[in-house]
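These notes are about the structure you will find just below.
Every number in this text was worked out from the coordinates using simple rules, so none of it is lab data. Just so it is clear, the structure is predicted and the values come from calculations on it, not from any experiment. No Cβ is skipped: glycine too gets one built from the backbone with ideal geometry, and neighbour counts run over all protein chains shown.
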Amino acid sequence: MFCCLKGCISGFTLTPSVPIRIKENPVQLDTLHMGHEVVVVKGGQRVCGSGCALGNAPLVQNKSYFEVKLQQGGVWAVGVATRDTDVSKVHGGMDKESWCLNSDGTVRHANVELYHLAPAPRESPTADLLVSTGSPSHEHEKPESEKANTVAVMPAEGDTIGVAYDHVDLNFFLNGKNMEVPVRNIKGTVYPALYVDDGAILDINLENFLYPPPAGYEKIMVEQSLL
């Protein structure tokens, strides 16, 4: 835990300065809804330790978007979950209350593998292509749980994962490109969900995105009743 915390706060120094009032984004990771071994720092934007941390604002608008940067590798998962999810888990999608992309290459919900992503060589000229080895003419006949042959570049340290949700589809983006692994049938009020273990450090980006959101999608808005 100490090593993780050291990594979380590395790069920060305390120097005398004139205070500058910056309007903080009210949306951040929620220290009231996280695992007991999770550490949240950097103004609610960075998570490390072991377990899950949820965002403090639900995804209630028509089309919402946020990003997660993989600052340090390890075991991690990114997605959405309800507040009934088990925040002590280090893998996402292990219960019926979470839908997540995991560092082992799986997209899971209710401990069911919806997709499995195989890593492609970064130096390959086709590494950025997202390819399905299934037959397009018959793919619609298969349930999502059987579509485990999708080939895509898995996120690596330093990459940015975009998460877009419109109450119909949950889509993941890798450095601005759609990973083509849509998750559907999401039920309940969901929040951003970040899972970490084994030294992983994740930063959630809730505005001033590194990559443009899909058309029509915006940063998470806070309902007036929550302010």
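What is the list of residues in region 58-95 whose amide nitrogen lies under 19 Å from a point 7 angstrom out from the Cα of ASP166, following Cα to Cβ?
Under 19 Å, as judged by backbone N against the label point of ASP166, lie 59-67, 80 of region 58-95.
From the cross-link list LYS89/LYS219; LYS69/LYS177; LYS69/LYS187; LYS63/LYS177; LYS42/LYS96, which pairs have alpha carbons spaced over 20 Å apart?
Working: LYS89/LYS219 27 Å; LYS69/LYS177 14 Å; LYS69/LYS187 26 Å; LYS63/LYS177 17 Å; LYS42/LYS96 30 Å.
Checking Cα-Cα distances, LYS89/LYS219; LYS69/LYS187; LYS42/LYS96 exceed 20 Å.
If I model a spin label at TYR211 and ASP198 as a point 7 Å from the Cα along the Cα→Cβ vector, what separation in nanometres do I get?
2.3
What's the extension gain from ASP84 to LYS96 if we count 0.36 nm per residue and subtract their Cα-Cα distance?
So the extension gain works out to 3.4 nm.
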